[in-house]
Amino acid sequence: MTTAPADIRNVAVIGHKGSGKTSLVEAMLYLAKATPKHGKVDDRSSFLDEAPEEKEHACSLEASVAHLFWNGKKVNVVDTPGEGSFLAETRLAMGAVDAAIVVISARDGVQPITERVWSWAKQQGLPTIVVVTKVDAENAKPEDVVDEIKRRLKAPVAVMEVTSGEGSSFSGLATLRDKKAWVGKPEAPNAIAPGSVPADLAKAVDAGRAKLVDDIAGTNDDLTEKYLTEGDLTQEELDAGLRAAMSAGTVVPLYFASGTRPGGIVALLDGIVELVPAPATHAAWAGTIPSTKPGTPDVETERANSADASASAFVFKTSIDPHAGRTSFVRVMSGVLKADSSLLNASTGNPERLGKMYVVVGKEAKAIDEAVCGDIVALAKLKATKSGQTLCDERQPFQLTPPVLPSSLFSRGVKFDVKGAEEKVATALQRLVEEDPGLSVHNDETTRELVVSGLGALHLEITVERIKRRGGVECRLGPPHIAYKETITKKVTNVEGKHKKQSGGHGQFGVCYLDIEPMPRGGGFEFEDAVVGGSIPRQFIPSVEKGVVKTMARGFLAGFPVVDVKVRVFDGKYHDVDSSDAAFQIAGRKGFKDAAAKAGPVILEPIVKLQVTVPSVTMGDVIGDINSRRGRISGTDSIDDSSIVNAFVPLAEVLEYESKLKSMTQGKGTFSMQVDHLEICPPIVQDKVIKDSGFKVAEDED
């Protein structure tokens, strides 16, 4: 059955690894009778974490899509990975929903990944709900965690419930918005009916509700006036004000949940269907009309979020099964998608034939005939569409501007123990790249090696596991490859680039004079044509630039690309017969090489922004270790018994950081990092990088 857009709710469940995201969604699905039993991560019976690698590692490694019905509303839930190596899937999923549920453990509190996904939600303007899970776990401190959320995330939290006990003494909770209670109820998952608020909680519930009403009234002038005049708000006014404040980001509802008692799950589901905005309220989608003429830019535009507009859909996840083939999960942004119809892939310009269409819960799929604007569905066996791309009506092309994905941090060479395995591994990797938006593969021209890049060491280890399982072929990872760059440090002027060759018939002749100078970091490449008087004919100026660009791509110290350089060609010589495009390309290459050798060439190394959260007693050891890795501490903070260390560290020094941090903190330390900028390598490091590269400068033929 097709669900009307007003009755759809789309949420992404985001948060740190181990915070209980998948367990929360599994409980939601079971209580809503979307699954036949209560799937659990611990005993590997989860309906969502069903991939062999997920079961083995007991954590989500890819986004999972499910749907349920609650109080007449269809709720599409995307359970996302919290492991830092797989956050590209999380980022794309957040671009397909209308709200985010941020899950935080009552035992572990706010973690670095929590802060990262929270910042993404705020950047995107997603309304958010916070759920504090594991309130029944040993050492749970829900009240302390709420204070930490307010402090570290700077979240305008509105607590929606009062709990009865915590940790092993947790016995239930009562809601503040509508005064429903689940206290002392049996632990059976089907005990979902609420009761009245117990006498021992009545005072706390009244005080909490007064605080909630005060928080909501303060977000709206009319509600403030009503509240000051009458001292309270009606249930309808409170709900309407809460919905508006949540959508505006001025209030973040906060719920509690337990893995053993259903009350918190029921209250959360009620909150989702009553507070999360329907897809119809989503703003127009920002994107472009792809250009059909080479050299002309795409035109910025918007696509109305309407069922009456032309059909368009955002592909936020791709799954490729060896037996079932490719499945693409899409958010219908506008119009209506129909099974067995045709759309245009706006990102590639190629048509796509839509086959069957499904709604899913894990691996369970039900075929449907159409999907309306605002729904999330699965499309079977698209030929070439990848995650992050847009499908649309070819008569009105539209390409969504997708979220910016985290950049790759780790690169390693792929090694083969069996002769002839290269082609099988390359094919398997290419399929994984289509499925995994955080993974990339390329052939290193310098080393003639297949290089795979990802977001972390675990990411690449899982990739090797998947190659073995899916392709039946063994491979391993070689030494890490780091994305070094090369640049210059001083200006050099009036350098001649000359190519002259005579060997019977037409010869080759081209001369150019160049100035080169460093650009600010991140400035890229600039080529200035300052030739006057026709000393180099106009048709050969691009040839000089092409030769320079080719040389920059190859590098001149260790084979890494050259960046942040300005090149100025101001004079030259030519021959009416012997000058050619090829001759001036070689002249440009020679001129740039000679100039770069005199311009103080250096190697730039990537510097990551590292945030480490550790027990306070180990902070000294952690800081000492970071300093030994050429790191620079930028700040520290203390929260309860934990310390947060922020630092900038060369990527080369933290490739194996995970195991070292676990050793120093007895497995309690966590970290996140992302490439921040490039810095010049110290001389001793530069010498080692050059030596290890084995790079040899190619001699140009005279």
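The values are calculated or read from the model by the stated rules, or taken from the named source; none is laboratory data. What you see is a predicted model, and the numbers here were worked out from it, not measured in a lab. Here the Cβ positions follow ideal geometry from the backbone for every residue, glycine too, while neighbour counts run over all protein chains shown.
Just one residue in the set 362, 325, 355, 335 is of a type in the set (Gly, Ala, Ser) and at pLDDT 90 or above; that residue is 335.
The condition of being at pLDDT 90 or above and not assigned by TED's automatic domain parsing to the domain that holds residue 361 holds for only one of 318, 260, 224, 229, that being 224. Of everything listed in (1) in a strand (DSSP E or B); (2) closer than 30 Å to residue 661 by Cα; (3) not acidic (Asp, Glu), the single unmet condition for residue 617 is (1). Among the residues of region 541-595, those identified as farther than 26 Å from residue 679 by Cβ, polar (S, T, N, Q) and part of a helix (DSSP H, G or I) are 543, 585.
Here is the figure for region 364-398: residues that are of a type in the set (D, E, K, R), surrounded by fewer than 21 Cβ atoms within 10 Å (Cβ to Cβ) and outside any strand (DSSP E or B) total 7. Looking across region 444-478, the residues that are touching a helix residue (DSSP H, G or I) at 6+ places or on another chain (Cβ under 9 Å) and either under 30 Å from residue 592 (Cβ atoms) or among the aromatic types (Phe, Trp, Tyr) (or both) come down to 445, 446, 447, 450, 453. Restricted to strands (runs of 3 or more DSSP E) entirely inside region 414-505, those with at least 3 residues that are modelled with pLDDT under 90 are 440-444, 449-454, 476-481.
Of the residues 280, 324, 309, 339, only one is closer than 20 Å to residue 127 by Cα and either not basic (Lys, Arg) or not assigned by TED's automatic domain parsing to the domain that holds residue 239 (or both); which?
On the way: 324 fails: closer than 20 Å to residue 127 by Cα; 309 fails: closer than 20 Å to residue 127 by Cα; 339 fails: closer than 20 Å to residue 127 by Cα.
Exactly one residue qualifies, and that residue is 280.
Of all residues in region 88-104, those satisfying the criterion of being crowded, with 24+ Cβ neighbours inside 10 Å, over 14 Å from the mean Cα position of the chain (by Cα) and outside any loop (DSSP other than H, G, I, E, B) are 100, 101, 102, 103, 104.
If you take the residues in region 39-87 that are among the hydroxyl-bearing types (Ser, Thr, Tyr) and more than 13 Å from the chain's Cα centre (by Cα), which one is nearest to residue 671 (Cα to Cα)? Going through the qualifying residues, I end up with 60.
Name the residue, out of 146, 135, 205, that is under 30 Å from residue 120 (Cα atoms), in contact (Cβ under 8 Å) with a residue 40 or more places away in the chain and part of a helix (DSSP H, G or I).
Residue meeting the stated conditions: 146.
Residue-by-condition table, conditions (1) in contact with a strand residue (DSSP E or B) (Cβ under 9 Å, 6 or more places away or on another chain); (2) in contact (Cβ under 8 Å) with a residue 12 or more places away in the chain; (3) of a type in the set (Lys, Arg):
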{"position": "277", "(1), (2), (3)": "yes, yes, no"}
{"position": "296", "(1), (2), (3)": "no, no, no"}
{"position": "303", "(1), (2), (3)": "yes, yes, yes"}
{"position": "319", "(1), (2), (3)": "yes, yes, no"}
{"position": "335", "(1), (2), (3)": "yes, yes, no"}
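Applying the set (1) surrounded by 15 or more Cβ atoms within 10 Å (Cβ to Cβ); (2) in contact (Cβ under 8 Å) with a residue 24 or more places away in the chain; (3) out of contact with any strand residue (DSSP E or B) (no Cβ under 9 Å at 6 or more places or on another chain) to residue 168 leaves exactly one unmet item: (1). Close Cβ contacts (under 7 Å, 6 or more residues apart or on different chains) running from residues in region 617-629 that are within 16 Å of residue 671 (Cα to Cα) to residues that are of a type in the set (Asp, Glu) and modelled with pLDDT under 95 comprise 629/653. Quick one: would you say residue 49 is buried (at least 20 other Cβ atoms within 10 Å of the Cβ), closer than 21 Å to residue 361 by Cα and of a type in the set (Asp, Glu)? Taking the combined requirement at face value, the residue satisfies it. Being farther than 30 Å from residue 107 by Cβ, at pLDDT 90 or above and touching a Pro at 6+ places or on another chain (Cβ under 9 Å) is a property that residue 684 lacks. For region 261-359, the strands (runs of 3 or more DSSP E) that sit wholly inside it and include 2 or more residues that are over 21 Å from residue 8 (Cβ atoms) are 285-289, 299-303, 312-321, 325-334, 342-345, 350-353.
Look through region 218-251, keep the residues that are assigned to a helix (DSSP H, G or I) and hydroxyl-bearing (Ser, Thr, Tyr), and return whichever of them is nearest to residue 120 (Cα to Cα). Filtering region 218-251 for residues that are assigned to a helix (DSSP H, G or I) and hydroxyl-bearing (Ser, Thr, Tyr), the one nearest to residue 120 (Cα to Cα) comes out as 247.
Please specify each residue of region 603-624 satisfying the condition of being surrounded by fewer than 17 Cβ atoms within 10 Å (Cβ to Cβ) and either within 28 Å of the chain's Cα centre (by Cα) or closer than 26 Å to residue 410 by Cα (or both).
Passing the criteria: 609, 615, 621, 624.
Based on this model, can you work out whether residue 215 counts as in a helix (DSSP H, G or I) and of a type in the set (D, E, K, R)? Yes; evaluated as a whole, the condition is true for this residue.
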